[in-house]
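Colleague: Pasting a structure here, questions to come.
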Ligand SMILES: Cc1ncc(COP(=O)(O)O)c(C=O)c1O
């Protein structure tokens with residue numbers, strides 16, 4: 001081996017350092033447990049039994065055995081036209097504003113969409129407003145591109161309009177540039193809150209008037225339990241000044257790595273210019289198109305809505321029965337998450353005590369960039385476990401609370 005003084009740390013980018021590259025620290029997401037049968041509520045993923053493996057296998061197999069080599073080659077552009085046509089058709093449920101397939105571009109999941117948004121619109125120091133709390137996986141991309149994050153408090157209506165108005169006025173005075181507002185307006189991760197229609201209208205108008213792009217993350221929009229959420233901001237603004245992000249990760253499977261942006265032709269053209277990943281896997285796009293076209297997709301999503309509703313109910317019932325003294329929460333109407341506030345016990349301490357009792361979940365502080373904003377919540381993802389398993393959570397958690405309060 002050649003002996004060198006090569007120092008990787010010395011050459012790290014500011015963006016990499018902002019995400020912790022080069023620093024040795026334990027992941028706060030990984031909570032060890034010796035419990036023989038832990039219930040994992042940490043990650044928001046589809047329940048394995050719900051993944052439509054047999055249907056997908058059929059469509060993948062047909063695509064791969066077609067002998068059509070184009071399915072295995074680079075797809076440099078916006079993504080396969082078949083899939084973009086399906087996304088553009090409101091009857092499939094991915095948009096409520098039909099435009100043209102060229103108003104869509106496909107990326108490596110919602111995460112890829114966030115990368116492309118930052119690459120196209122952010123200069124170092126530009127401000128992006130995000131909900132506090134929010135999903136750190138996408139928010140941290142802003143830090144990687146050296147954007148400045150301002151967290152906006154949430155209330156039962158969603159992101160606080162008043163707080164946004166104040167920040168916009170302050171930045172106008174100081175000359176700081178707000179480039180974007182990132183919002184998960186339907187069945188928010190982690191709080192489960194859905195932004196009210198009125199709040200959507202006010203925020204989307206304010207953003208449009210001030211030249212601020214809204215990145216509307218609709219990851220959970222299709223996964224409502226009974227009623228569809230209010231109209232999206234993209235449609236409210238007739239497609240101007242908003243980019244709407246979708247993904248198949250939660251409705252089908254995270255491993256597909258397939259998401260999309262809908263935007264004005266100008267915005268999608270600009271985003272297409274900054275693309276340098278050589279496109280998404282064409283055979284995956286074609287197989288997913290056929291899955292949607294066969295109507296198996298709409299049956300599948302319908303089934304998943306019912307499944308997640310029953311999973312959420314099982315968790316809520318179990319917590320209400322055993323932990324009503326210790327936890328306060330609002331029942332979500334869709335999505336994957338419950339966001340209880342802990343009473344009389346520190347939420348971080350609870351995550352450790354609960355792990356000993358065999359329930360794994362993250363402390364709410366992980367969903368803030370400024371953890372001082374955190375107000376003693378935990379996030380419980382009910383998406384990945386059966387109602388039977390979720391029915392055991394309350395009793396296990398009660399034991400953890402009792403241990404801590406002893
Ligand atoms: C709100 C939200 N947006 C985006 C993503 C990223 O999803 P993907 O990149 O798998 O599409 C997630 C994943 O948990 C999420 O919760």
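Colleague: What ranking do 72, 45 get, fewest neighbouring Cβ atoms within 10 angstrom at the top?
Modeller: 72, 45
Colleague: Another question, if that's okay. What length, rounded to one decimal in nm, is gained on full extension from residue 313 through to residue 37, with 0.36 nm per residue of separation minus their alpha-carbon distance?
Modeller: Taking 0.36 nm per residue and subtracting the Cα distance, the gain is 97.2 nm.
Colleague: Principal axis extents for segment 68-297, Cα atoms only, whole Å, descending order, please.
Modeller: 58, 40, 28
Colleague: What share of all Cα pairs of segment 1-59, in percent, falls into each consecutive 10 Å distance bin?
Modeller: 14, 22, 22, 24, 17, 2
Colleague: Who wins for biggest fluctuation among 44, 175, 391 in a Gaussian network model of the chain, springs between alpha carbons below 10 Å?
Modeller: Largest GNM mean-square fluctuation: 175.
Colleague: Quick check: convex hull of the Cα atoms in segment 1-157, volume per residue, rounded to a whole Å³?
Modeller: Taking the convex hull of the Cα positions in segment 1-157, it is 293 Å³ per residue.
Colleague: Work out, step by step, the length gained on full extension between residue 68 and residue 53: first 0.36 nm times the residue separation, then minus their alpha carbon distance; give nm to one decimal.
Modeller: Numbers: separation 15, 0.36 × 15 = 5.40 nm, distance 2.26 nm.
Here the segment from residue 68 to residue 53 would lengthen by 3.1 nm.
Colleague: I would also like to ask the following. Once the Cα atoms of segment 285-332 are picked out, what are the Rg and Dmax in Å?
Modeller: Radius of gyration, then largest Cα-Cα span, for segment 285-332: 17.0, 51 Å.
Colleague: Using the Kirkwood radius built from alpha carbon pairs, what does the Stokes-Einstein equation give as D for the chain at 25 °C and 0.890 mPa s, in µm² per second?
Modeller: The diffusion coefficient I find is 110 µm²/s.
Colleague: Can you tell me the FRET efficiency between residue 227 and residue 10 if r is taken as the Cβ-Cβ distance and R0 is 45 Å, rounded to the nearest 0.05?
Modeller: 0.25
Colleague: Now for a separate question. Pop a pseudo-label 7 angstrom from the Cα along the beta-carbon direction at both residue 370 and residue 28 and give the gap in nm to one decimal.
Modeller: For residue 370 paired with residue 28, the spin-label model returns 1.6 nm.
Colleague: Computed on alpha carbon atoms, what radius of gyration and Dmax characterise segment 171-264, expressed in Å?
Modeller: Over segment 171-264's Cα set, Rg and Dmax evaluate to 14.1, 46 Å.
Colleague: Sticking with this one: What's the FRET efficiency of residue 2 with residue 82 using the Cβ-Cβ distance as r and R₀ = 60 Å, to the nearest 0.05?
Modeller: Working: r = 51 Å, r/R0 = 0.85.
With a Förster radius of 60 Å, E is 0.70.
Colleague: Here's something else I'd like to know. Between segment 263-286 and segment 67-144, what is the separation of their alpha carbon centroids in Å?
Modeller: Spelled out, the Cα-based centre of one part sits 7 Å from the other.
Colleague: In cubic angstrom, how much convex hull volume per residue do the alpha carbon atoms of segment 203-355 span?
Modeller: Convex hull volume per residue, Cα atoms: 185 Å³.
Colleague: Report the label-to-label distance for residue 274 and residue 100 in nanometres (one decimal), using points 7 Å from each Cα along the Cα→Cβ vector.
Modeller: Each label point lies 7 Å from its Cα, and together they span 2.3 nm.
Colleague: Let me ask something else. Can you sort 74, 145, 69, 308 so the residue with the fewest Cβ neighbours within 10 Å comes first?
Modeller: So the ranking, lowest neighbour count to highest, is 69, 74, 145, 308.
Colleague: Let me ask another. Quick one: check the C-alpha center-to-center distance for segment 1-41 versus segment 152-186, whole angstrom.
Modeller: Computed from Cα coordinates, the inter-centre distance equals 32 Å.
Since every read-out is calculated from the coordinates, none of them should be taken as a lab result. Keep in mind it's a predicted model, so treat the numbers as computed, not measured. Methodologically, a virtual Cβ is constructed for each residue, glycine included, from the backbone with ideal geometry; neighbour enumeration extends over all protein chains shown.
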